[in-house]
Structure formats: C-alpha cells, structure tokens
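All remarks here apply to the structure that follows.
What follows is calculated from the coordinates using simple rules that are stated; it is not laboratory data. Keep in mind it's a predicted model, so treat the numbers as computed, not measured. Cβ sites come from the backbone with ideal geometry, for glycine too, and all protein chains shown count toward neighbours.
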Amino acid sequence: MPLIHGFDPPERFVTGTVGEPGQRTFFLQARSGARITSVSLEKQQVAALSERIDQLLDEVMSSDSTQSVIPAVAPLGLEDSDPLEQPIEEEFRAGTMTLSWDPDDERVVIEVFPYTEAAVVSPDQLDEELTEPEPDEVFLVRIDAGSARAFVKRAAQVLEAGRPTCPFCGNPIDPEGHLCVRANGFRRRDPGVS
C-alpha cells in the first residue's frame, strides 16, 4: 500500500520555482493547514499538466452531463501569485502523472507518482509486456474547476518568467547572451539586458 499525500481539496495548490532563470527547479505544492507537500518536476511536465487540465476542463464544459458551471478562465478571487510555502522539502521527483475528472463531486483529480528507472522503457523493450512496479507513494490532489483554471493561469505565468527566447533560433537567451546558430555563431544578447 503506497503512502498517499492526499489533498481533497487543498487550501492551496500551485506550481512555482526556486532559483534563477536557466537554473530553476520547478515544484508542485499543496497545503492544507500546516501540512505542506512539495514535489519537484521538469518544466515540460508543468507545461503538459497545465495544458491538459485546460483541455480537460474545456471538454467537461462542452459536455451535457456536467451539472455545475465550469469557468472558462480563472475566477478573480482564486488567483495566486504568492511565492511557494517555506520551507520547501521535496517529497520526491515527479515521474508519471495522471489526470481525470470525477463527475460525482465534479473535481479535477491529479495523481503524481515518483520517477523510477523501472518506468523508463528503451526502444528495444517496446514490444515486451512490462509491468510497472507499484509506487511507494503518490501525491493526490482533488480540486474544483475554478481552482484548476487558477492553477493553469499561474502555471503560464511561472513558465513565462524564465529566460527570454531568441527570435532567430528559439533557444533561451542567458543574461550574458548565447551563441545563435542562425546568426553564424555571433553572440546575441537579450535586448532588455544592458
């Protein structure tokens, strides 16, 4: 039986970062009372999770079976721009994540499982019958649609707060610039940095 870090619903559920752009560590964090759970994850996982939550809510919104109103954007009172709760103590690094809609109590259900080497499949194993080991723990969060839209909005702000993107090659620009492959190796600088 895995250890369940469950929040149904949390008082707060956000994504945030620690560190400078280019060196940031991303976290999912939930809080209920004095209990805080923080899970580290990759920037791409934050982007994928927030995009999928938005898609899920759009699908539920257009469904005839939903009884309550699903907001199209984050409700004003639910916006959260505060920093992550301190101290940040990482429970585990995120691996597999699942997302679903519970129609009974109309909540978005997010499950985050720890990263394990056993879950990584090499190309020569694609045809094999593989069983993923039972996880030791799971981060389980159940939130209403308004809170989910607020999570998505904050995630977009967190993702955009990173390094600016080079308009020529699309790669991130560090404060000291970067060698742009599209500019034949000339160093490009962020126009906002003097």
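General observations
- Paramagnetic reach from residue 174 (point 7 Å along Cα→Cβ, amide N under 14 Å) across the range 13-50: 20-24
- Cα gyration tensor shape for the chain, rounded if a/c is under 1.5, else prolate or oblate: prolate
- Rounded to whole Hz, the Karplus (6.51, -1.76, 1.60) HN-Hα couplings of the range 137-153, x for glycine and proline: 8, 8, 9, 10, 10, 10, 10, 6, 4, x, 5, 5, 5, 5, 4, 4, 4
- Cα centroid separation, the range 18-75 to the range 139-179: 12 Å.
- Percent RCO, i.e. relative contact order, over the range 10-128, from Cα pairs under 8 Å lying at least 6 residues apart: 21
- Over the chain: helical MRE at 222 nm, DSSP H runs n ≥ 4 each giving -39500 (n - 2.57), nearest 500: -6000 deg cm²/dmol
- Rg followed by Dmax, in Å, when the range 10-63 is reduced to its Cα trace: 13.6, 42
- Selected from 44, 155, 172, residue furthest toward positive end of dipole (the chain; charges at beta carbon): 172
- Taking amide H atoms as placed 1.01 Å from N in the peptide plane, the amide H of residue 32 lies under 5 Å from those of 11, each 5 or more residues away in sequence or on another chain.
- Dipole magnitude for the chain: about 1300 debye, using +1 per Lys or Arg Cβ and -1 per Asp or Glu Cβ, origin at the Cα centre.
- Averaged over residues, the count of other Cβ atoms within 10 Å places the peptides 4-15, 64-75, 161-172 in the sequence 4-15, 161-172, 64-75, highest first.
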